[in-house]
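Visitor: Next up is a structure, given as structure tokens.
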Amino acid sequence: MKDFKKLFENKTMRAVLFCLVALLLLFAVWRVFFAGSGEAASYDETEAEARISALLERVEGIEEASVMVVEEEGEAVSCIVVFRGEDSILSRIRILDIASSALGLPKERVQVYLS
């Protein structure tokens with residue numbers, strides 16, 4: 001116990017221990033808040049989602065589109081489209097028409113958001 005107290009009397013040793021504790025704290029914060037942030041980016045598109053995204057990107061006014069199809073028991077029940085491009089009623093109507101027709105869903109089940 002006396003040897004442990006002697007370590008803290010040395011200013012250099014206190015500085016080194018403080019730096020180690022600070023590094024451990026930074027590592028813990030990084031693991032909690034930032035380590036899992038890449039999980040959303042690793043989402044694998046289904047073939048249907050990729051086909052609809054490619055089709056939407058061919059439409060005038062839509063530069064980029066990401067599609068997510070929500071399925072229950074192997075059947076599409078809703079769709080979410082996030083796009084980048086011209087934010088107009090016409091672009092949104094085109095997206096609704098294409099996505100609902102491609103999936104056989106009513107337009108009320110397709111959500112469209114500007115990125």
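Visitor: All but one of (1) of a type outside the set (S, T, N, Q); (2) modelled with pLDDT under 95; (3) not in a strand (DSSP E or B) hold for Ile52, so report the exception by its number.
Guide: The single condition Ile52 does not satisfy is (2).
Visitor: Still on this structure, I have one more. Out of the residues in the range 81-95 meeting the condition of being within 19 Å of Glu47 (Cα to Cα) and buried (at least 18 other Cβ atoms within 10 Å of the Cβ), tell me which one is farthest from the chain's Cα centre (by Cα).
Guide: Top of the filtered list is Ile95.
Visitor: Just need a number here: residues in the range 74-115 that are farther than 11 Å from Gly61 by Cβ and part of a helix (DSSP H, G or I). Steps first, please.
Guide: Within the range 74-115, the subset farther than 11 Å from Gly61 by Cβ is 74-82, 96-115.
Imposing the further condition that a residue be part of a helix (DSSP H, G or I) reduces the set to 96-103, 107-109.
Counting residues in the range 74-115 that are farther than 11 Å from Gly61 by Cβ and part of a helix (DSSP H, G or I) gives 11.
Visitor: Can you tell me which residue is farthest from Glu75 (Cα to Cα) among those in the range 31-49 that are at pLDDT below 75 and either assigned to a helix (DSSP H, G or I) or of a type in the set (Ser, Thr, Tyr) (or both)?
Guide: Here the answer is Ser37.
Visitor: Enumerate the pairs (first residue in the range 79-99 and polar (S, T, N, Q); second residue anywhere and surrounded by fewer than 18 Cβ atoms within 10 Å (Cβ to Cβ)) with beta-carbon separation below 6 Å, excluding pairs fewer than 6 apart on the same chain, so at least 6 apart or on different chains.
Guide: Pairs found: Ser91/Gly61.
The values are calculated or read from the model by the stated rules, or taken from the named source; none is laboratory data. Here the structure is a predicted model, which is why all the values come from computation and not from measurement. Neighbour counts run over all protein chains shown; Cβ positions are idealised from the backbone, glycine included.
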